[in-house]
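Participant: First the structure, then my questions, so here it is.
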Amino acid sequence: MNLVPAPRKPAETPLSLRRTGRIDDHAYLGNLRTGALVDRDGSVAWMGLPRFDSKAHFASILGTAEHGLWRIGPVGPDGAAAPAADRRRYLGETLILESVWITKAGTVKVLDFMPPTGAAAQLVRIVQGVSGRVAMCSVLRARTGYGRTVPQLVADGRRAGAGLDEGRLWLDADVPVGAREGDLVSQFTVSEGEQVAFTLSWQPDCDTPPALPASADLLRQTKDFWTKWAAHCTYTGARRDDVIRSLVTLKALIYEPTGAMVAAASVSLPEEIGGVRNWSYVYCWLRDSAFAAEVLAEFGYRQEVEDWIGWLTAVIGGDYDNLQIMYGVGGERDLPEEELDWLPGHAGSRPVRIGNGAARQLQLDVFGEVVDALAKAQQHYPDLAPKVTPLISGLVGCVERLWREPDEGAWEIRGQRRHFVHSKVMAWVAVDRAVRLVEAGHMDGPLEHWRVLRDTIHRDVCEKGYDKERNTFTQYYGSTELDAALLHALLSGFLPATDKRVIGTIEAVQQDLSIKGGYLLRYRTSDNGPGVDGLTGHEATFLIGLGWLIVALVRIGRTDGAEILTDALLRAHNDVGLLSEEWDPYTEQQLGNFPQAFSHIAVLMALAAARTGAEPEAAEVTVR
């Protein structure tokens, strides 16, 4: 494979290619191995192959068209591209995207999807004429190594290829494809009732092309897969469409060969436009995947829960002393953080980072979140006890050794370690769930010893993490600051919902961290240099924090407030029902990596709480 430096300017094509749009201008496609982001103008602006965490070959969302994209759309008589699609949607309860352009010459639609067939990754794009006769153009600009180099191209009639750092891309089309200065280009027209299909396939063997694709069969298989999967959902409450869209998004973030779930399908999308808070999320966090396993179990998806438990068992391998808070989707432990200095970043937000240095952090809360998810899995599916109880015993052993240590906390601070209250409460959760399982006869363990440990942690938190004057728990021991993670901590049953400290903390967090529209900050950042997280700059509101607040308000009986905030959470969706990590209510745009599992989990939590309003029973502890 021959690679040459990427040109300083995009190659000349018949189609004017613009800079990629806002984060929430994108839709998401996935095949349970990797994912792609599609802009409103029909550009695939992000995709790595063959896995979520592989090098991206379309990376324009982190720069310009120069860094790789694949656009299909109408063109005018002057060769200029049509603007964004006039309408787009997912077809039914699937991950098949339909984009429609209404032009002077006629109307055309494009169906985009990635077949979850288990074979090599494919992206299929089917152009369908609705009315008139519309001139179209496809420009595939692959740039290997995150937009850095131009691959060697070969085009022969209706099949073309591009060599990659790993494997090879093959483009099959119903119309001729030509290679022009680093691009694969097709110009064609489509009339009412006509259809033109393009299939992009990745093959690990550079010399072996894939079988010629049957796009109609792949479309049918993809539609059947998602429709059947969605039909397993047990939810019968209001806003079922929002529930299904969030569940389908979570499913599409799972790496099916191992059962791991990535936190999001992108890297380094900014939490502040022009800021430095840009991180890679294409890995499996124990925390995020535990939350996902909980909601998947709640909505009837046993197989995904079992697959996650299998992945967790494999990555731990009985070596609890070397547990990490995140791994690669294949269980990889080494995730070195790097900066890609040739990428200008989304909307000029630099640095662009891959890898994630947080993989080596101590985050005590993870033990509680994973144990809680395992315990709930056993509650939903009692026969899973033999699989989950050995994991719980090992994780509680970790808690006993580590709970008195300061840590980097749930928000993965880059500053000094602290005794975060949320972390301590989640350490309590791990022990509490083990105690309950032993009491119920579902597992063996040193019951009295664990009861003492549970009470010790509880007293420590109440003595050191609670501000009596303000009637609120604080961000960390000795702090006066607040943190949205406290809401999650107090949803655990650490104290009854009627306890004045619970009510006081919910009120204090909502008052201190809410901004326009009721959206919630994670914590207050600093205007004067690095804050508690060790970073400069600010960020938007964190959507899972709003989800926790909604559930907390339901628990204390403030359902009217919860309903108003649920409406606000759902208003943050983009036009196809997707959410990124954060929402800026002032500019009304999504920020952070996209689509984000946390945010879709928030939707599912909020809607489930509205349906049930149930509160977990607090453990019997001595509180002073």
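A short reminder: the numbers here are calculations on the coordinates, not readings from a lab. All of these numbers come straight from a predicted model, not from anything done at the bench. Quick reminder, even Gly has a Cβ in these numbers, built from the backbone with ideal geometry, and neighbours come from all protein chains shown.
Participant: With each pseudo-label sitting 7 Å past Cα toward Cβ, what's the Arg571-His449 distance in nm, one decimal?
Facilitator: It is 5.4 nm.
Participant: On to the next question. Normalised by the number of residues in region 232-612, what is the relative contact order in percent for Cα pairs under 8 Å and 6+ residues apart? Don't jump to the answer; show the numbers that get you there.
Facilitator: Details: 736 pairs, mean separation 70.3, N = 381.
18 percent.
Participant: Can you compute the charge dipole magnitude of region 333-433 about its Cα centre, using +1 on each Lys and Arg Cβ and -1 on each Asp and Glu Cβ, nothing else charged? Give it in debye, rounded to the nearest 20.
Facilitator: 200 debye
Participant: From the backbone phi of region 119-130, what are the Karplus-calculated ³J(HN,Hα) couplings (6.51 cos²θ - 1.76 cosθ + 1.60, θ = phi - 60°) in whole Hz, Gly and Pro given as x?
Facilitator: Going residue by residue, I get 7, 4, 4, 9, 10, 10, 10, 10, 8, 10, x, 9 Hz, with x marking Gly and Pro.
Participant: Determine one quarter of the surface area of the Cα convex hull of region 471-624, which equals its mean projected area, and express it in nm² to one decimal.
Facilitator: Numbers: hull surface 39.4 nm².
Result: 9.8 nm².
Participant: Can you tell which of Thr64, Val399, Trp411 lies farthest toward the positive end of the dipole of the chain, using +1 and -1 charges on the Cβ of basic and acidic side chains (Lys, Arg; Asp, Glu)?
Facilitator: Toward the positive end, the furthest listed residue is Thr64.
Participant: Among Gly318, Tyr586, His458, whose Cα sits farthest toward the positive end of the charge dipole of the chain (+1 at Cβ of Lys/Arg, -1 at Cβ of Asp/Glu, about the Cα centre)?
Facilitator: Projecting each Cα onto the dipole axis, the largest value belongs to Tyr586.
Participant: Could you compute the FRET efficiency for Ala440 and Arg414, with r as their C-beta to C-beta distance and R0 at 51 Å, rounded to 0.05? Working shown, then result.
Facilitator: Working: r = 41 Å, r/R0 = 0.80.
Efficiency computed from Cβ-Cβ geometry: 0.80.
Participant: For Arg240 and Asp383 in one chain, what is 0.36 nm times their gap in residues minus the Cα-Cα distance, to one decimal in nm? Can you show the working numbers first?
Facilitator: Details: separation 143, 0.36 × 143 = 51.48 nm, distance 2.91 nm.
That works out to 48.6 nm of additional length.
Participant: While we're looking at this one, here's another question. Once the convex hull of the C-alpha atoms of region 354-490 is built, how many Å³ does it hold per residue, rounded to a whole number? Don't skip to the end; give the middle numbers.
Facilitator: On the way: hull volume 17.3 nm³, N = 137.
Output value, Cα hull per residue: 126 Å³.
Participant: Next up: I'd like the orientation of helix 543-555 relative to the chain: the angle between its Cα long axis and the longest Cα principal axis, in ° from 0 to 90, rounded to 10.
Facilitator: The helix 543-555 is inclined about 40 degrees to the chain.
Participant: Which lysines have a Cα lying under 18 Å from the Cα of Lys228, excluding residues fewer than 8 positions away in the same chain?
Facilitator: Lys251
Participant: Compute the acute angle (0 to 90°) between the alpha-carbon long axis of helix 302-316 and the principal axis of greatest extent of the alpha-carbon atoms of the chain; round to the nearest 10°.
Facilitator: Computed tilt is about 80 degrees.
Participant: Once the Cβ-Cβ distance between Lys468 and Gln511 is put in as r, and R0 is 25 Å, what FRET efficiency do you end up with, to the nearest 0.05?
Facilitator: Working: r = 18 Å, r/R0 = 0.71.
Efficiency for this residue pair is about 0.90.
Participant: Let me ask you something else. Any chance you could give the angle, 0 to 90 degrees and rounded to 10, that helix 215-230 forms with the longest Cα principal axis of the chain?
Facilitator: Roughly 20 degrees between the two axes.
Participant: Given charges of +1 on the Cβ of Lys and Arg and -1 on the Cβ of Asp and Glu, with all other atoms neutral, how large is the dipole of region 232-612 about its Cα centre, in debye to the nearest 20?
Facilitator: Details: 36 positive and 53 negative charges, 148 e Å.
The dipole of region 232-612 has a size of about 720 debye.
Participant: Restricting the calculation to Cα positions, tell me the Rg (one decimal) and the Dmax (whole number) of region 76-136 in Å.
Facilitator: Over region 76-136's Cα set, Rg and Dmax evaluate to 13.5, 42 Å.
Participant: Okay, next question. With each label point set 7 Å from Cα along the Cα-Cβ vector, what nm distance links Asp334 and Val154?
Facilitator: The two pseudo-label positions are separated by 3.3 nm.
Participant: In addition: Average the reciprocal distances over every distinct pair of alpha-carbons in the chain, invert the result, and give the Kirkwood radius in Å.
Facilitator: Averaging 1/r across every pair of different Cα atoms and inverting gives 25.2 Å.
Participant: While we're on this one: Quick check on region 39-184: take the gyration tensor over C-alpha atoms, sort the square-rooted eigenvalues as a ≥ b ≥ c, and tell me if it's rounded (a/c under 1.5), prolate or oblate.
Facilitator: Cα axes put region 39-184 in the prolate bin.
Participant: Moving on to the next point. Between Ala80 and Thr117, what is the spin-label point distance in nm, taking each point 7 Å from the Cα along the Cα→C-beta axis?
Facilitator: A separation of 4.0 nm, rounded to one decimal place.
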